[in-house]
1. So for region 219-239 (the condition being hydrophobic (A, V, I, L, M, F, W, C), in a helix (DSSP H, G or I), in contact with a helix residue (DSSP H, G or I) (Cβ under 6 Å, 6 or more places away or on another chain) and closer than 30 Å to S28 by Cα), does at least one residue qualify?
2. What's the number of the condition T62 fails, among (1) assigned to a loop (DSSP other than H, G, I, E, B); (2) at pLDDT 95 or above?
3. Give just the number: which of (1) without any contact (Cβ under 8 Å) to a residue 12 or more places away in the chain; (2) over 30 Å from S169 (Cα atoms); (3) polar (S, T, N, Q) does N251 not satisfy?
4. What are the residues in region 188-218 that are charged (D, E, K, R) and assigned to a helix (DSSP H, G or I), if any?
5. So the check is Cβ under 8 Å with 6+ separation or different chains; which pairs have a first residue in region 43-56 that's within 18 Å of L184 (Cβ to Cβ) and without any contact (Cβ under 8 Å) to a residue 60 or more places away in the chain and a second one that's aliphatic (A, V, I, L, M) and buried (at least 21 other Cβ atoms within 10 Å of the Cβ)?
6. Within region 127-141, work out how many residues are among the hydrophobic types (A, V, I, L, M, F, W, C) and touching a helix residue (DSSP H, G or I) at 6+ places or on another chain (Cβ under 6 Å).
7. So for region 257-266 (the condition being part of a helix (DSSP H, G or I), over 18 Å from the mean Cα position of the chain (by Cα), modelled with pLDDT under 90 and under 30 Å from N90 (Cβ atoms)), does at least one residue qualify?
8. Right, V207: in contact (Cβ under 8 Å) with a residue 40 or more places away in the chain, surrounded by 13 or more Cβ atoms within 10 Å (Cβ to Cβ), of a type outside the set (S, T, Y) and out of contact with any His (no Cβ under 8 Å at 6 or more places or on another chain) or not?
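The values are calculated or read from the model by the stated rules, or taken from the named source; none is laboratory data. All values reported here derive from a predicted model rather than from experimental measurement. Every residue, glycine among them, receives a Cβ derived from its backbone with ideal geometry; neighbour counts consider all protein chains shown.
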Amino acid sequence: MKRIVFEDISTFIVKYIFHLRFKVALLSRKSRIFNKILTKLLFEDDKTYFIPNNNNITHLETIEVNKTIDKTKNIVFPSDIIKEIIRNANYIVIMNSCLCRTSANCNDYPQNLGCIFLGRATKKISRKYCREVTPDEAINHIDKCNNAGLIYIMGRNKLDVRWMNVGPSDELLTICNCCPCCCLWRVLPNFSDSIQGNFHKLPGISVYCDDNQCILCKKCVDICFVEAITIDDNKIKVNSNCMGCSQCVSNCPVNAMKINYDDNMNYTIDDINNIVNIEK
């Protein structure tokens, strides 16, 4: 008989209640007590960035970057931030599958493209659910996810510390590879404002609609992770709560939705390093 590990139990529970995630998140808005408990258990001291798919970027600014980036190209894509962080990590694992897509039995995106975790806390994750990899292997995995049309959500995420029973939180960095249909964080608009405040748009990202191209099909409204797109005076409006995930861009049938990236990546890398220690 195979030995049961903690992740066996938590994975079973997650898959069993996954369909209830929107209702559970909504309770954080309806009950202050529930919100405090949920925050303490799963979101305390979290900070997470949405990072768009490279293929959806419609404009890139030529910028100065760290020496480790290829200066002959002198162009930084959003995923280069992830790759730079991976290069500096001493402990890296890739999960065998995506918990969200397997829980939802996703048919549109690969279930075998799992999250990447960095940091000393990865040593405590059961190897039944993941494999240790080199930086080059992890970077190759990022490229596969990009080619599959996934976006990234990266940062300190206490929820992952809980379901895998690892920690401390400042020794585990999460890199989720998310699809627009099954990602857990589609519930973000249902959460309380305080929990939503742990999630951030990547600095330098801006999203807008070209009114001359738009046909008001509303696909961007329906696909938005955080319900940040509305229609105002027969025009698409991208509101301030946009996370810059780029799903609206990839799903626009006439390429009216645009996403620009024109910032130095060093700020984000420094910020991530301040909240999670991946090098020791």
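1. yes
2. (2)
3. So N251 meets the others, but not (1).
4. Of region 188-218, the ones charged (D, E, K, R) are 193, 201, 210-211, 218.
D193 - this is the single residue of region 188-218 that is charged (D, E, K, R) and assigned to a helix (DSSP H, G or I).
5. Here the result reads none, with nothing in region 43-56 linked to a residue that is aliphatic (A, V, I, L, M) and buried (at least 21 other Cβ atoms within 10 Å of the Cβ).
6. 2
7. Checked region 257-266: at least one residue is part of a helix (DSSP H, G or I), over 18 Å from the mean Cα position of the chain (by Cα), modelled with pLDDT under 90 and under 30 Å from N90 (Cβ atoms).
8. Taking the combined requirement at face value, the residue satisfies it.
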